[in-house]
Every structure is written in structure tokens, then in C-alpha cells.
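Just below is one structure, and these are the notes that go with it.
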Amino acid sequence: MDERDKQLTHKRGFGVSTVYETLRNEIIELKLAPGSAIDEQQLSDRFALSRTPIREALVRLAAEGLIMTLTNRATIVSNIDFLRLSEFFDALTLMYRVTTRLAAANHTPDDIEKIRSLQKAFEEAVDRRDVLGMISTNRDFHVAIAQAGRNRYYVELFTRLLDEGRRILRLYYSSFNDVLPRQYVGEHEDMIQAIINRDLLQADALASTHADQIVSQIRSYISADSRQSGDLSL
């Protein structure tokens, strides 16, 4: 591969990452509403790129469940299935509890170091009111706890649920006008301490309370939004 080919490959790779990260953030932030059309030509014009890197970025977004291709080959932002939200919340709550309990039983000192580091990053994102940062670090924090539990099936399932729930979590932070009360940041610290103490019952109880608070807040926010607008536009 000559120097020109290397430069073209680097440019395409950079272009794919730029398109992917920009669209992913816009979808998670709900700037691109669920059901919105994704047009390759418009994206090509917007990012001044050929369709090849655009398509590669869309493949990555589809793999994360953020976009989908319909039977007529049109591509849209994936809808949020509010009708099955209760099922999602049940599964999410169960994974919070199981993974935190297992982490209390099976963690190593390295696990605790990683979990604490991610909690610090989460706190910093909260202080900055960086919503995308909060969503990302919260996800990584809970995945790290799941990994400390040493059950790869739970890790895979919980990671999938957390990834699918990123837009739902955006609604959670919106309910606080993006200013998360410190008491909910502190819930993470309480969970860490229960894990360190290898207190399985306390870890389970704290994770359950943490999940219940999130679910209750989101339900209230969606209900209020529904009453104000007459329906849910999402």
C-alpha cells in the first residue's frame, strides 16, 4: 500500500468514526427523533463523504439497535417501544440486582479499582451536566460491576439492556433538567461499599432500590409528558 492509499484509508476510517459518533449522539440525545428517516445522500452531503463510509457508520448504528432498515429498504431511527417498557424495566431491574449481588461475592481488588474509577468519571460528568457523559459512564460503571460478578451471560445481557436503554436514560436525566441530585450519585457509592464488604443481601437491596428509583422517575416523566402533549411523540 503506497502513501496515498494509506492516507485515503485513514481518511475513510476517520470519516466512519465521525459519522457514527455524531449520529449516535444525536439519536441518544433524541435530537434525531425515533422514526426519523436516515438518508444516505443527505448524510453524504452533510459530512462531505462518499456513501461507503456513510454505510459503514450506519452498519455500526444498526448493530447497536439505534437504526433499522424497513422492508422497503428505507432506513429510520429505531422507535422506542413504549408498549413493552414494563418488560424492559423488569429485565433491567433484575440485572441490576443479580449483577451487583454477584459482584459482592466474586470481585477482586482490580475490579474495585476499575469500578471506583468509573464512578469518579460519572461524578465528573454529573458535575459538568454532560448528559452524554453521564449516560456513557453510568453504562460502563454497571457493566464493570457485572464483569466483577464473573458470569459472562449476565454481562452480555446487561450490556445489551443498558445499550438499548440509553435513550430511556436520556429521559431520566431530562426529568431533572440534566441536574442529577447528589443523593442518586451517592447510591453508586453505597453499592460499591456493599460490594467491597461482600454483603450480598445489602448489595441486592441497594441495587433494587436504585433501579426502582430510576424506573419510577422515568414512568412519572413519561406520564407527565403524555398528559401535556396528549400523546407520546417518541
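Take the conditions exposed (fewer than 14 other Cβ atoms within 10 Å of the Cβ) and not basic (Lys, Arg) and apply them to GLU26. Does it pass? For GLU26, the condition - exposed (fewer than 14 other Cβ atoms within 10 Å of the Cβ) and not basic (Lys, Arg) - is not met. Within the option set ILE192, ILE135, ILE196, being surrounded by 18 or more Cβ atoms within 10 Å (Cβ to Cβ) and over 29 Å from LEU61 (Cα atoms) holds for one residue only, ILE192.
The condition of being assigned by TED's automatic domain parsing to the domain that holds ARG182, over 17 Å from the mean Cα position of the chain (by Cα) and of a type in the set (Gly, Ala, Ser) holds for only one of ALA103, ALA144, ALA91, that being ALA103. Close contacts from region 34-52, counting a first residue that is small (Gly, Ala, Ser) and a second that is assigned to a helix (DSSP H, G or I), with Cβ to Cβ under 7 Å and a gap of 6+ residues or different chains, come to SER44/ARG51; SER44/ILE54; SER50/SER44. For GLU64, the conditions (1) out of contact with any Leu (no Cβ under 9 Å at 6 or more places or on another chain); (2) over 23 Å from ILE218 (Cβ atoms) are fulfilled apart from (2).
Here is a yes/no grid of residues against (1) more than 19 Å from ALA104 (Cα to Cα); (2) outside the structural domain of LEU23 (by TED's automatic domain parsing); (3) in contact with a Leu (Cβ under 9 Å, 6 or more places away or on another chain):
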| residue | (1), (2), (3) |
| --- | --- |
| GLU156 | no, yes, no |
| ARG166 | yes, yes, yes |
| VAL185 | yes, yes, no |
| VAL215 | yes, yes, yes |
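Of all residues in region 84-96, those that are farther than 15 Å from ARG219 by Cβ have Cβ atoms under 9 Å from Cβ atoms of residues that are hydroxyl-bearing (Ser, Thr, Tyr) and at pLDDT 95 or above, 6 or more apart or on another chain, in MET95/TYR154; TYR96/SER208. The residue of region 167-196 that is nearest to GLU29 (Cα to Cα), among those that are small (Gly, Ala, Ser) and in contact (Cβ under 8 Å) with a residue 12 or more places away in the chain, is SER174.
Considering (1) touching a Leu at 6+ places or on another chain (Cβ under 7 Å); (2) part of a helix (DSSP H, G or I); (3) not assigned by TED's automatic domain parsing to the domain that holds ARG198, the lone condition that PRO34 does not fulfil carries the number (2).
Before we move on, is GLU123 touching a residue at least 60 places away in the same chain (Cβ under 8 Å) and among the acidic types (Asp, Glu)? Answer is yes for this residue.
Where residues in region 59-89 are in a loop (DSSP other than H, G, I, E, B) and of a type in the set (Ser, Thr, Tyr), which of them is surrounded by the most Cβ atoms within 10 Å (Cβ to Cβ)? This residue is SER78.
The values are calculated or read from the model by the stated rules, or taken from the named source; none is laboratory data. Everything numeric here is computed off the predicted structure, so don't read it as measured data. So basically every Cβ, Gly included, is an ideal-geometry build from the backbone, and we count neighbours across all protein chains shown.
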